[in-house]
Amino acid sequence: MSTDAILSLLTTHGVRPTSGRILVARALSDASSPLTMSELEERLVTMDKSGIFRALTLFRANHVVHAIDSSQGTRYELCHADVHGKDSDRHVHFYCTKCQRTLCLTELPPPDISLPKGFAAEAVNCIVEGICPDCTPPRALSL
């Protein structure tokens, strides 16, 4: 994602683009899968932990990132929704129990959930756990 695209994403979501926020957004954009706080710290050695955490907290509050909460911890990825305050980029995630990667299944929307009267959903996490195609052993050919 270009710097102009990152600036546009942040401003669209009402986030003032500071140098630290741009660095965090760029690290998330360049990643091939959602990142944990620890992984962001490893990639952003010029930023302190509290700066990364503050950026992620702000991004989460303004729908700039998806926070994927699971038994493996919280992972973050950029949300590509183009409307401030609305997450139109929701999708299912897949956690491979063998290689421990979290993959985005962007073509698969999360299931609709009907809540009882009086309840209002603010977030939905849908994580499928199993073995990814890279870790699935090839099937033996039948003769």
Margin query: Checking E122 against (1) open to solvent by 60 Å² or more (accessible area, probe 1.4 Å); (2) part of a strand (DSSP E or B): exactly one of these is not met. Which one?
Written below: (2)
Item checked: Tally, over segment 63-77, of residues that are free of Cβ contacts under 8 Å to residues at least 40 places away in the same chain and buried (at least 20 other Cβ atoms within 10 Å of the Cβ) -> 2
Next item on the list: Six or more apart or on different chains, Cβ under 8 Å: which pairs go from a residue in segment 4-28 that's among the basic types (K, R) to one that's surrounded by fewer than 16 Cβ atoms within 10 Å (Cβ to Cβ) and assigned to a helix (DSSP H, G or I)? Could you list them?
Entry: R26/T3
Note to self: Give me the residue from segment 1-31 that is hydroxyl-bearing (S, T, Y) and farther than 15 Å from H66 by Cβ and, out of that set, least open to solvent (accessible area, probe 1.4 Å).
What the structure shows: T18
Next item on the list: Please find, within segment 84-119, the residue that is modelled with the highest pLDDT out of those that are open to solvent by less than 60 Å² (accessible area, probe 1.4 Å) and among the hydroxyl-bearing types (S, T, Y).
Entry: Y95
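The values are calculated or read from the model by the stated rules, or taken from the named source; none is laboratory data. Note that the coordinates shown come from a computational prediction; the quantities given were computed from them, not determined experimentally. Please note: Cβ atoms are built from the backbone with ideal geometry, for glycine as well, and neighbour counts cover all protein chains shown. Areas reflect the complete protein model, heavy atoms only, side chains present, ligands, DNA and RNA absent. Shrake-Rupley method; radii C 1.70, N 1.55, O 1.52, S 1.80 Å.
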